[in-house]
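Any read-out appearing in this document is the output of simple, stated calculations on the displayed coordinates, not a laboratory observation. Please read all numbers here as calculations on a predicted model, not as lab measurements. Glycine gets a Cβ as well: all are built from the backbone with ideal geometry, and neighbour counts include every protein chain shown.
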Amino acid sequence: MHIRNSLFLPLGLALTIGLLLVPNSFAQIQSTITCPSGDWDVLSLMMMDPTLAPSYHMEGDYASNGGPGSYMYTTWSQSDNKVWYVKNPQGNPWDINLYDSQPTIPSRGYVYQWVTELDTWGTQNYWGDPTSCKKFNNGFNSIDGHDSDESFRWAARCGVPDGANGSYWNPKPTTQTQDYNSNYYVYIDKVLQSSSYNLNNALVELKGPGTIAIFWGGDGSTETWTANTISVQYTYTCSQEDVNYCTDREVFDYAYDANPNPHDQLKHGYGWVQWRHYKNSSQPGQTANWGNPVAQNLFNHVVSGQTATNFQCF
């Protein structure tokens with residue numbers, strides 16, 4: 001059953017939604033769409049809010065070399081419906097997401113994963129190379145007004161974590177024309193590789209709310225508070241549309257203030273603040289066992305400074 005009225009949600013979730021949906025002078029999180037009553041404006045929480053983003057970014061704790069363990073710069077490009085997540089001061093993107101600007105049915109519009117970094121490919125590592133990347137594209141022409149790049153659904157524009165519009169499969173490509181699938185292409189040194197690839201079946205789920213510590217300032221900051229999170233849980237390389245037949249899971253956490261924070265007594269959105277990668281240690285068909293993360297990044301310090309994007313992949 002799709003729950004749309006916050007009166008029927010668990011108390012904690014209903015209170016959080018109320019804090020997000022009721023306009024007040026403390027809110028800095030900018031609305032991006034008008035959603036049905038009880039639904040969350042998900043895109044607004046997936047990026048650093050426009051009052052912070054021009055002058056601030058997120059960093060992780062400092063590593064032994066004296067520099068941040070990780071960076072996250074967020075840019076919302078409203079003119080072309082993109083959100084850029086940049087991973088270093090040189091401007092190299094982690095990811096670029098697209099979104100439906102005027103979905104015919106607002107509760108069914110989506111944010112799409114479009115471009116993501118190319119890490120190790122073959123024997124080479126392209127993590128720091130702005131001319132190499134992966135791009136999701138369904139491999140077909142659009143059949144109902146969607147661009148073929150809008151093919152890997154990442155989150156509903158309007159939805160409820162663990163509730164309405166919160167879960168769906170991006171299926172493996174077939175010979176039939178599909179708007180949504182897990183097909184992607186690889187570019188190396190700006191050159192499109194001859195083959196297409198795919199993630200088999202991939203399940204994307206909106207989860208939350210959770211919590212995370214936010215620090216104002218760099219490493220060593222003593223000004224900290226607890227913010228809320230929503231998460232995109234992304235389970236992929238599934239031979240069947242069943243999580244017990246999947247090999248990998250990644251979790252993307254996005255943070256926001258549900259209450260005015262102690263730094264400036266405002267409610268901010270901080271965007272993407274944590275990433276975790278898990279491997280299923282069970283055999284296909286057995287109950288999935290995800291265990292501890294095999295890799296992770298945390299960027300939960302609000303630090304001054306912005307950078308220009310440096311994207312040269314295609």
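Based on C-alpha pairs under 8 angstrom that are at least 6 apart in sequence, the chain has a relative contact order of 20 percent. Determine the distance separating the Cα centre of segment 239-314 from the Cα centre of segment 183-231; give it in Å without decimals. If we compute the Cα centre of each part, the gap is 4 Å. Here the contact order of segment 202-252, divided by its residue count and restricted to Cα pairs under 8 Å and six or more residues apart, works out to 36 percent. Computing FRET efficiency as 1/(1 + (r/R0)^6) for residue 225 and residue 31, where r is the C-beta to C-beta distance and R0 is 22 Å, gives about 0.40.
Of the beta bridges DSSP finds with both residues in the chain, what % are antiparallel, to the nearest 5?
On the way: 81 of 85 bridges.
In the chain, DSSP labels about 95 percent of beta bridges as antiparallel.
Here the 3J(HN,Hα) profile of segment 300-307, calculated from phi with Karplus coefficients 6.51, -1.76 and 1.60 at θ = phi - 60°, is 10, 9, 7, 10, 6, x, 10, 9 Hz, Gly and Pro shown as x. Under the criterion of Cα pairs below 8 Å and six or more residues apart, the relative contact order for segment 143-222 equals 31 percent. Between 280, 138, 92, the GNM of the chain built on Cα springs shorter than 10 angstrom shows 280 fluctuating the most.
For residue 242 and residue 175, calculate 0.36 nm times their separation in residues minus their Cα-Cα distance, and state this gained length in nm to one decimal.
22.0 nm
Applying 1/(1 + (r/R0)^6) with R0 = 45 Å to the Cβ-Cβ distance of residue 123 and residue 212 gives a FRET efficiency near 0.80. Legend: ranking of residues 203, 98, 192, 43 from fewest to most surrounding C-beta atoms inside 10 Å; resulting order 192, 203, 98, 43.
Extension gain, residue 140-residue 264: 0.36 nm per intervening residue step, less the Cα-Cα distance, totals 39.8 nm. Pairs of lysines in the chain whose Cα atoms sit within less than 26 Å of one another amount to 25, provided the residues are eight or more positions apart or on different chains.
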